[in-house]
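Here's the structure we're looking at; comments come further down.
The values are calculated or read from the model by the stated rules, or taken from the named source; none is laboratory data. Since the model is a prediction, treat every value here as computed from it, not as a measurement. Heads up, the Cβs are rebuilt from the backbone with ideal geometry, glycines too, and the neighbour counts pull from every protein chain shown. Remember, those area values only see protein heavy atoms, side chains included, never the ligands or the DNA or RNA. Shrake-Rupley method; radii C 1.70, N 1.55, O 1.52, S 1.80 Å.
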Amino acid sequence: MDDGTTAAMRYKEIVGLARASAENLRSWEIARADDLEARLAEAHQAVADAAEREQRAAERASRWWKMAQHNVEGLTWLPDGEDPQPVPTARAAYLEKYLEEVKPGYQELVKAVLSLGWRAKRS
C-alpha cells in the first residue's frame, strides 16, 4: 500500500460503504413499499367506484327496461324480451354515452307504440 492506507483502514472504508449502500437500499425499499401501498389503495378505490357506477347503470337500465315493457304490454303480438344484460365488450369510458343513448331510444319506442295504438286495441 503505497499511499499509506493499511488493509484495516481499507476494510473499514469498504464496510462503511456497504453499510451506506444497505441503508440507501433500505430507504429505497421503504419508499417503494409506501408508493405501492398508495397505488394499491387507489386501485381498490377505483374498483369500488367502478362497481358503484356499474350498479347505478344497471339500476338505470332496469328502470328504462321496465318502462319500455310497460309501453309494449298492449302489443300481444310482440313477444317479451329478456332483461338487459351487461355487454362484456362495452367500454367503461363510454358508460355515460351509452346511458345517454337509452332515453332517445326509449322515446322512439313510445312514439312507435303510440302510432300502433289502434292496432294494439284490436289485438
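How many residues does the stretch 33-92 contain that are outside any helix (DSSP H, G or I), closer than 21 Å to E108 by Cα and of a type in the set (S, T, Y)?
1
Pick from A33, A61, A7, A68: which is among the aliphatic types (A, V, I, L, M) and loosely packed, with under 10 Cβ neighbours inside 10 Å? So that I can check it myself, show each step before the final result.
Values: A33 fails: loosely packed, with under 10 Cβ neighbours inside 10 Å; A61 fails: loosely packed, with under 10 Cβ neighbours inside 10 Å; A68 fails: loosely packed, with under 10 Cβ neighbours inside 10 Å.
Unique residue meeting the criteria: A7.
Name every residue in the stretch 78-105 that is open to solvent by less than 80 Å² (accessible area, probe 1.4 Å), within 30 Å of L116 (Cβ to Cβ) and touching a helix residue (DSSP H, G or I) at 6+ places or on another chain (Cβ under 9 Å), in order of residue number.
Scanning the stretch 78-105 gives L78, G81, P84, L99, V102, G105.
Among all residue pairs at least 6 apart or on different chains, which show Cβ distances below 8 Å where the first residue, located in the stretch 82-97, is under 16 Å from E59 (Cβ atoms) and the second is open to solvent by 100 Å² or more (accessible area, probe 1.4 Å) and at pLDDT 85 or above?
P86/E54; L95/R53
Residue under question is R19, and the condition is that it be of a type in the set (K, R) and either open to solvent by 100 Å² or more (accessible area, probe 1.4 Å) or touching a helix residue (DSSP H, G or I) at 6+ places or on another chain (Cβ under 6 Å) (or both); does it hold?
In short, yes.
Identify the single condition in (1) open to solvent by 100 Å² or more (accessible area, probe 1.4 Å); (2) in contact with a Ser or Thr (Cβ under 9 Å, 6 or more places away or on another chain) that L75 does not satisfy, given that it satisfies every other one.
For L75, the failing item is (1).
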